[in-house]
Amino acid sequence: MAPSKCFEREATSIAALGRHELQRRIKNFRGRFRLDFTEDYLNRLSVERLRHILLAAVINARPRN
């Protein structure tokens with residue numbers, strides 16, 4: 001699949017997630033780096049900010065060609 005299609009699919013998938021699922025995925029993210037946010041901090045962020053964090057983490061965790 002073309003990289004732009006992969007990005008679109010991932011972004012669309014994340015855009016459809018609600019707060020609870022976004023927070024769960026951020027807390028359980030396993031990539032090249034660890035996301036270390038407290039529950040309190042995540043609770044204070046907007047849903048859009050949570051989406052931004054998760055999408056950025058997913059993009060940066062992908063292998064580079």
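Any read-out appearing in this document is the output of simple, stated calculations on the displayed coordinates, not a laboratory observation. What you see is a predicted model; the values in this text were computed from it and never measured. Cβ atoms come from the backbone with ideal geometry, glycine included; neighbour counts cover every protein chain shown.
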Computed magnitude of the charge dipole of the chain (debye, nearest 20; Cβ of K, R +1, Cβ of D, E -1): 220 debye
Residue 33 paired with residue 15, simple spin-label distance in nm, labels 7 Å along Cα-to-beta-carbon: 2.5 nm
Relative contact order %, the chain, counting alpha carbon pairs below 8 Å whose residues are six or more apart: 41 percent
All-pairs alpha carbon distance profile, the chain, 5 Å steps from 0, percent: 3, 17, 30, 23, 16, 7, 2, 1
Dipole-positive endmost among 52, 20, 7 within the chain (Cβ charges, Cα centre): 7
